[in-house]
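The values are calculated or read from the model by the stated rules, or taken from the named source; none is laboratory data. Bear in mind that the values here come from a model prediction, so they are computed numbers and not experimental data. Here Cβ is always computed from backbone atoms with ideal geometry, including for glycine, and neighbour counts include all displayed protein chains. Ligands, DNA and RNA are excluded from the accessible area calculation, which covers all protein heavy atoms including side chains. Shrake-Rupley method; radii C 1.70, N 1.55, O 1.52, S 1.80 Å.
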Amino acid sequence: MGLVMLVNLLAVFLAVISAVRGCTPSDRAALLAFRSSLTEPYLGIFNTWSGNNCCQNWYGVSCDPTSQRVTDISLRGESEDPIFEKAGRTGYMTGSINPAICKLDSLSNVVIADWKGISGELPACLTSIPSLRVLDVVGNKISGKIPENIGNLQKLTVLNLADNAILGGIPGSLVQLSNLKHLDLSNNQLSGEIPKDFGKLKMLSRALLARNKLTGSIPSSIGNQYRLADLDLSRNQLSGLIPEQLGKMQVLSTLNLDSNLLSGQIPSALLSYTGMGILNLSRNSLEGRIPDVFGAKSYFMVLDLSYNSLKGPIPGSLSSAVYIGHLDLSHNHLCGAIPIGSPFDHLAASSFDNNDCLCGNPLRTC
């Protein structure tokens with residue numbers, strides 16, 4: 001019992017010493033250098049960055065309780081934090097991300113998100129922080145390229161660079177991020193092709209690459225990502241066929257491929273797969289007939305095949321689907337009678353407009 005008490009007293013003593021000691025001088029200096037490159041005029045969040053102990057009451061900074069090394073920088077420009085509610089506004093910050101942040105070599109989470117005005121490039125040295133698990137800089141004006149050595153971050157689980165002005169291609173090393181679960185590169189100016197071996201990212205559950213300038217074909221290796229539930233490649237310049245493998249994935253429930261240059265026929269497996277809830281293939285150059293493969297377990301919240309070159313009749317098996325919320329088959333070359341019954345009885349004429357010779361409710365009678 002005496003030994004247990006001694007251990008407990010020692011732990012308390014070390015905790016007190018640690019709290020008194022505060023953060024390391026090198027971490028404090030790195031934070032102040034990071035702060036010096038940013039201007040936040042409205043909320044005063046950096047007013048709290050004073051005193052010697054950056055582990056205590058510095059807004060958005062967290063430290064390891066034992067080592068007192070800085071582990072988290074969490075600065076969000078849109079938050080429910082009282083400091084935002086008191087100001088009655090969202091955040092706005094200008095400046096750039098100072099490479100001094102890389103001296104914080106125990107960082108696990110870096111969130112510098114939704115400040116709208118932060119520009120400049122992502123420091124390439126971020127890829128030298130082996131402990132980094134989250135890198136989230138969504139909603140700024142960051143430019144330049146994704147660091148070539150991004151694949152060095154072997155512990156990274158979240159990479160969110162969306163809503164910026166990032167240029168160049170997707171680095172080939174990205175597929176080495178074996179623990180990556182969430183990837184969002186949408187709404188940038190990325191160009192070039194999606195890496196052919198993108199399917200190596202086996203832990204990925206969300207891959208959002210929409211609203212860029214990506215070209216080439218959709219890698220068939222994506223079919224190997226057995227955890228992928230949400231894939232958004234819309235509003236790019238992707239061409240070629242839709243890989244059959246996308247209809248054979250285990251948990252894929254949302255697939256947005258709209259507004260590309262895709263051609264060929266719709267793979268039957270995409271429409272017969274009962275786990276698909278949102279499928280948007282609109283505004284491409286898809287042709288041929290809509291596969292007649294729907295069944296009693298088909299459940300689509302959204303099925304949008306509009307603005308293509310599809311021909312032939314509307315598949316009769318669509319009537320057997322348990323639910324179709326939003327259906328859009330407009331602006332194609334479909335012909336024949338619109339099937340009777342659910343889901344067609346609740347759809348407006350706009351779902352079928354601008355086809356060659358469709359007829360029946362809600363269009364003209366046949």
> Considering S221, S217, which residue is touching a Gly at 6+ places or on another chain (Cβ under 7 Å) and part of a loop (DSSP other than H, G, I, E, B)?
Replying inline: S217
> Among the residues of region 339-355, which ones are touching a strand residue (DSSP E or B) at 6+ places or on another chain (Cβ under 6 Å) and modelled with pLDDT of 95 or more?
Replying inline: S351, F352, N355
>> Looking at region 155-168 only, could you name the residues that are among the polar types (S, T, N, Q), closer than 20 Å to K202 by Cβ and assigned to a loop (DSSP other than H, G, I, E, B)?
In response: T157
>> Considering only region 20-32, I want to know if a residue exists there that is under 29 Å from the mean Cα position of the chain (by Cα) and at pLDDT 90 or above.
In response: yes
>> Report every pair of residues separated by at least 6 positions or lying on different chains whose Cβ atoms are under 6 Å apart, first residue within region 353-366 and closer than 13 Å to G336 by Cβ and in contact (Cβ under 8 Å) with a residue 12 or more places away in the chain, second of a type in the set (D, E, K, R) and outside any loop (DSSP other than H, G, I, E, B).
In response: none
> Are any of the residues in region 63-73 of a type in the set (G, A, S), under 20 Å from L122 (Cβ atoms), over 28 Å from the mean Cα position of the chain (by Cα) and surrounded by fewer than 16 Cβ atoms within 10 Å (Cβ to Cβ)?
Replying inline: no
> Out of region 286-329, which residues are under 17 Å from F352 (Cα atoms), open to solvent by 30 Å² or more (accessible area, probe 1.4 Å) and of a type in the set (A, V, I, L, M, F, W, C)?
Replying inline: V302
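For region 94-109, state whether one or more residues are closer than 15 Å to L159 by Cα and surrounded by fewer than 21 Cβ atoms within 10 Å (Cβ to Cβ).
yes
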> When you scan region 260-285, how many residues do you find that are in a helix (DSSP H, G or I) and surrounded by 21 or more Cβ atoms within 10 Å (Cβ to Cβ)?
Replying inline: 2
>> So I338 passes all but one of these: (1) out of contact with any Leu (no Cβ under 7 Å at 6 or more places or on another chain); (2) surrounded by 14 or more Cβ atoms within 10 Å (Cβ to Cβ). Which condition number does it fail?
In response: (1)
> Do you know which residues across region 60-87 are over 13 Å from I101 (Cβ atoms) and either in contact with a Phe, Trp or Tyr (Cβ under 7 Å, 6 or more places away or on another chain) or hydrophobic (A, V, I, L, M, F, W, C) (or both)?
Replying inline: C63, G77, I83, F84, A87
>> Suppose the filter is in a loop (DSSP other than H, G, I, E, B) and hydroxyl-bearing (S, T, Y); does S350 pass it?
In response: no
> What are the pairs, 6+ residues apart or on separate chains, where a residue within region 194-219 that is modelled with pLDDT of 95 or more has its Cβ under 6 Å from a residue that is of a type in the set (D, E, K, R) and open to solvent by less than 50 Å² (accessible area, probe 1.4 Å)?
Replying inline: R206/D230; L208/D184; L208/D232; A210/D232
> Taking the condition under 25 Å from L167 (Cα atoms), crowded, with 19+ Cβ neighbours inside 10 Å and over 17 Å from the mean Cα position of the chain (by Cα), does L257 pass?
Replying inline: no
> Of A210, A165, which residue is within 30 Å of Y92 (Cβ to Cβ) and touching a Leu at 6+ places or on another chain (Cβ under 7 Å)?
Replying inline: A210
>> Just to be sure before I move on: is A348 touching a Gly at 6+ places or on another chain (Cβ under 7 Å), open to solvent by 40 Å² or more (accessible area, probe 1.4 Å) and small (G, A, S) in the structure I sent?
In response: no
> Does region 113-123 contain at least one residue that is touching a Lys or Arg at 6+ places or on another chain (Cβ under 7 Å), open to solvent by less than 10 Å² (accessible area, probe 1.4 Å) and hydrophobic (A, V, I, L, M, F, W, C)?
Replying inline: yes
> Where residues in region 224-244 are small (G, A, S) and in a loop (DSSP other than H, G, I, E, B), which of them is least open to solvent (accessible area, probe 1.4 Å)?
Replying inline: S234
>> Tell me yes or no: at least one residue of region 174-185 is under 21 Å from K141 (Cα atoms) and part of a loop (DSSP other than H, G, I, E, B).
In response: yes
> So how many residues does region 262-296 have that are of a type in the set (S, T, Y) and more than 25 Å from the chain's Cα centre (by Cα)?
Replying inline: 4
